[in-house]
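Have a look at the structure below, then the notes.
Values in this text are rule-based calculations from the coordinates and carry no lab data. Note that the structure is a prediction, hence the values are computed from the model and not measured. Cβ atoms come from the backbone with ideal geometry, glycine included; neighbour counts cover every protein chain shown.
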Amino acid sequence: MSDIRFIMIGIVVITVGFIILGVFGSTYTEITVQTEEFSTCYEYPDDQTAVEIDCDEVSQEKTLLFLGVAVIIGSGIFSLIKGVKGTWDQDVKPEEMLGPGGDKKDPDDDK
């Protein structure tokens with residue numbers, strides 16, 4: 001892969017990580033506030049009364065989501081750094097170059 005591909009992949013992966021965090025992480029905002037302010041946590045279904053839930057279980061789910069997103073964003077950052085620091089495009093051997101100006105071989109040398 002060329003350097004620019006790693007940069008593009010890194011940007012896309014980081015963006016996807018933030019989108020996942022924004023979409024799925026918003027469900028844990030209310031639970032976080034309840035855990036910090038009160039001793040019990042409640043889930044509020046649409047057509048029912050409040051249901052008491054285990055705060056520790058929801059905190060573990062929140063931590064797993066955060067770790068998963070951190071791994072996704074970390075791999076995107078790794079790919080981005082690899083693309084920025086990479087020198088693969090500059091280290092191509094002349095005999096491996098393709099395209100205009102890349103074919104430096106003389107056809108008469110094969111004889």
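Across segment 39-80, which residue is surrounded by the most Cβ atoms within 10 Å (Cβ to Cβ) among those that are acidic (Asp, Glu) and in a helix (DSSP H, G or I)? The qualifying residue surrounded by the most Cβ atoms within 10 Å (Cβ to Cβ) is Glu61.
When you go through Ile20, Ile14, Ile9 one by one, which is the residue that is over 16 Å from Ile81 (Cβ atoms), surrounded by 14 or more Cβ atoms within 10 Å (Cβ to Cβ) and out of contact with any His (no Cβ under 8 Å at 6 or more places or on another chain)? From the options Ile20, Ile14, Ile9, the qualifying one is Ile20.
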